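The values are calculated or read from the model by the stated rules, or taken from the named source; none is laboratory data. The model shown is predicted, which means the values in this text are computed figures rather than measured ones. In this analysis, Cβ positions are derived from the backbone assuming ideal geometry, glycine residues included, and neighbour counts consider all displayed protein chains. Just the protein is used for accessible areas: all its heavy atoms, side chains included, with ligands, DNA and RNA removed. Shrake-Rupley method; radii C 1.70, N 1.55, O 1.52, S 1.80 Å.
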Amino acid sequence: MSRKEETLGNVTILDKIKDAKIIFVVGGPGSGKGTQCEKVVAKYGYTHLSSGDLLRAEVGSGSERGKQLQAIMQKGELVPLDTVLDMIKDAMIAKADVSKGFLIDGYPREVKQGEEFEKKIGKPCLLLYVDARGETMVKRLMKRGETSGRADDNEETIKKRLDLYYKATEPVIAFYEGRGIVRKVDSELPVDEVFGQVSKAIDAL
Ligand SMILES: Nc1ncnc2c1ncn2[C@H]1C[C@H](O)[C@@H](COP(=O)(O)OP(=O)(O)OP(=O)(O)O)O1
Ligand SMILES: Nc1ncnc2c1ncn2[C@H]1C[C@H](O)[C@@H](COP(=O)(O)O)O1
Ligand SMILES: [Mg+2]
């Protein structure tokens, strides 16, 4: 057992995480995952962990690993599963004592990521599927790119991210539909209306 997984009485920190609500937030690039998660944090006090944000923090640290990650992300490709899962696990452990629930935004990106998460961390009780049309997502990302400073908010990388989403991530939704835990929200609607649908899904837990 690592130091981070030390026991608290007879309960390990990982046991605590398993007992917390875990929500996967999945959708295409620019569909509105981060926007909705912010609102969930404000209303429900959940902990928002975006795999993309965790990776960008590592890039921002200037570390050797960050440089390798940056090269992958700039091309719109997926970083290795172990890297991203370790980052999420560490971030969850750091919040285990105070968290009412976890929003895991941008993960799983492929079915294997979901399977590994469940082996190493725990089971999700809900997959929020933030759905928008490809054309809408591209428009939103091009607009966001005017101010975001994100190296991947450019036309060429957006196209690759979208292609990869359809190929690798949409099967994740089908996989969890088989479990009956997917709730789809229509992110073509204004932000507050989308959030109304998100709130219904969370209230039903
Ligand atoms: N329902 C909405 N209507 C209009 N604009 C929206 C809506 N939801 C989000 N946006 C805007 C806010 C941002 O500028 C942009 C992308 O939203 P954002 O929440 O950052 O997407 P995301 O987190 O799914 O993208 P990424 O996967 O690239 O991180 O679109
Ligand atoms: N779950 C992930 N697996 C692999 N790579 C990931 C994951 N989450 C984010 N990334 C990389 C690849 C993405 O294009 C960028 C940006 O992610 P975003 O969710 O759009 O912020 O990071
Ligand atoms: Mg985001």
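Out of 122, 114, report the one residue that is at pLDDT 95 or above and either buried (at least 19 other Cβ atoms within 10 Å of the Cβ) or over 20 Å from residue 168 (Cβ atoms) (or both). Break it down into steps so the answer makes sense when it comes.
Values: 122 fails: at pLDDT 95 or above.
Every option except 114 fails the conditions.
Select from segment 40-81 the residues that are of a type outside the set (A, V, I, L, M, F, W, C) and within 13 Å of ligand 3 (Cβ to nearest atom) and write down the one among them that is surrounded by the most Cβ atoms within 10 Å (Cβ to Cβ). Once the filter is applied, the top-ranked residue is 51. Taking segment 150-201 as the range and being among the aromatic types (Phe, Trp, Tyr), open to solvent by 60 Å² or more (accessible area, probe 1.4 Å) and within 24 Å of residue 75 (Cα to Cα) as the test, only 166 passes.
The set of residues in segment 173-191 being of a type in the set (Val, Ile, Thr) and touching a Leu at 6+ places or on another chain (Cβ under 8 Å) consists of 173, 181, 182, 185. The conditions of being farther than 27 Å from residue 205 by Cα and out of contact with any Asp or Glu (no Cβ under 9 Å at 6 or more places or on another chain) are met by residue 155. When residue 130 is tested against the conditions (1) more than 9 Å from ligand 1 (Cβ to nearest atom); (2) buried (at least 16 other Cβ atoms within 10 Å of the Cβ), the lone failure is (1). Considering only segment 71-82, I want to know if a residue exists there that is within 22 Å of residue 174 (Cβ to Cβ), modelled with pLDDT of 95 or more, in contact with a Ser or Thr (Cβ under 6 Å, 6 or more places away or on another chain) and within 12 Å of ligand 2 (Cβ to nearest atom). Within segment 71-82, none of the residues are within 22 Å of residue 174 (Cβ to Cβ), modelled with pLDDT of 95 or more, in contact with a Ser or Thr (Cβ under 6 Å, 6 or more places away or on another chain) and within 12 Å of ligand 2 (Cβ to nearest atom).
For segment 143-157, how many residues meet the condition of being within 15 Å of ligand 3 (Cβ to nearest atom), touching a helix residue (DSSP H, G or I) at 6+ places or on another chain (Cβ under 9 Å) and farther than 22 Å from residue 195 by Cβ?
6
Determine whether residue 96 is modelled with pLDDT under 95 and of a type in the set (A, V, I, L, M). So residue 96 passes the test. Taken over segment 161-205, the residue count meeting the criterion of being within 16 Å of residue 39 (Cβ to Cβ), in a loop (DSSP other than H, G, I, E, B) and out of contact with any strand residue (DSSP E or B) (no Cβ under 8 Å at 6 or more places or on another chain) is 2.
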